[in-house]
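The structure appears right after this line, and notes come after that.
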Amino acid sequence: SDREARSKLNTVSEFVVIAHAGGEVGSKRYTDALEGIERSREKGCRFIELDFNWTADGKLVVIHDWANFFDEYLSAIPTEEEFLTRRRQDGLTQMSFSQLELWLKRNPDFSLVTDVKERNIEALRLFANSDVREQIIPQVYRFSEYQVAIKLNFNRVIFTNYIMGYSDSALVRFAARARPF
């Protein structure tokens with residue numbers, strides 16, 4: 001019944017730890033790097049959140065932003081090849097989405113929460129066609145993105161409000177109807 005469903009949602013029987021930006025390595029808390037997700041795995045974490053951006057040649061890669069990534073000023077967004085072959089200023093290992101897909105295939109007990117602020121619908125379509133789609137929990141920022149994620153048959157979708165700043169009443173109506181993850 002509807003009342004039982006609401007009751008289950010209000011009862012916390014277990015908690016989930018999500019390693020933000022893949023997890024920490026040494027004193028670096030947000031890595032978006034292979035070493036971060038490996039360390040999170042070693043610590044028993046099974047949910048990771050990673051940030052994604054698009055390269056100049058239209059490939060999705062794991063990176064929070066371009067400004068602080070390499071040890072020199074970037075005059076332009078790199079191609080995927082440039083991204084993967086240049087050394088990060090912190091020495092950690094960057095990943096393309098294709099490389100992350102392979103890692104997720106080798107770690108089927110992991111779930112990935114996505115954070116794609118630009119061209120998220122395009123990313124949702126890419127994730128939907130992935131061999132690891134069942135491990136992916138898309139994060140969306142707009143009501144329209146949520147609808148796209150549902151139409152792409154994602155059954156776990158996280159809705160985050162800080163970009164759009166929808167009103168409390170709009171969020172309550174949306175959550176009551178849509179029931180995001």
- line: When Arg41 is run through (1) open to solvent by 40 Å² or more (accessible area, probe 1.4 Å); (2) more than 25 Å from Phe181 (Cβ to Cβ), the failure sits at (2)
task: State which residue pairs qualify: first residue within 22 Å of Lys105 (Cα to Cα) and inside the range 135-153, second residue among the aromatic types (Phe, Trp, Tyr) and assigned to a loop (DSSP other than H, G, I, E, B) in any location, beta carbons under 8 Å apart, and separation of 6 or more residues or different chains.
output: Gln135/Phe110; Ile136/Phe154; Ile137/Phe154; Ile137/Phe181; Pro138/Phe154
field: Residue check for Asn107: touching a residue at least 12 places away in the same chain (Cβ under 8 Å) and more than 13 Å from the chain's Cα centre (by Cα)
entry: yes
statement: The condition of being at pLDDT 95 or above, farther than 19 Å from Ile137 by Cβ and in a helix (DSSP H, G or I) holds, among Glu4, Glu81, only for Glu81
- prompt: From the list Leu104, Leu92, Leu100, Leu124, which residue is closer than 12 Å to Leu60 by Cβ, touching a helix residue (DSSP H, G or I) at 6+ places or on another chain (Cβ under 6 Å) and not in a strand (DSSP E or B)?
  reply: Leu124
message: Quick check on the range 44-81: of everything there that is open to solvent by 20 Å² or more (accessible area, probe 1.4 Å) and in contact with a Ser or Thr (Cβ under 8 Å, 6 or more places away or on another chain), which residue is farthest from Glu118 (Cα to Cα)?
response: Arg46
query: What do you reckon, is Ser130 without any contact (Cβ under 8 Å) to a residue 60 or more places away in the chain, in a helix (DSSP H, G or I) and among the small types (Gly, Ala, Ser)?
result: no
message: Pairs please, first residue from the range 54-65 and over 23 Å from Arg29 (Cα atoms), second anywhere and open to solvent by less than 10 Å² (accessible area, probe 1.4 Å) and part of a loop (DSSP other than H, G, I, E, B), Cβ atoms under 8 Å, 6+ apart in sequence or on different chains.
response: Thr55/Pro78; Ala56/Pro78
query: Considering only the range 161-181, how many residues are open to solvent by less than 50 Å² (accessible area, probe 1.4 Å) and either assigned to a helix (DSSP H, G or I) or modelled with pLDDT of 90 or more (or both)?
result: 5
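The values are calculated or read from the model by the stated rules, or taken from the named source; none is laboratory data. As the structure is a prediction and not an experimental result, all values here were calculated from the model. Note: ideal-geometry Cβ built from the backbone for every residue, glycine included; neighbour counts use all protein chains shown. Note: areas computed on protein heavy atoms with side chains; ligands, DNA, RNA excluded. Shrake-Rupley method; radii C 1.70, N 1.55, O 1.52, S 1.80 Å.
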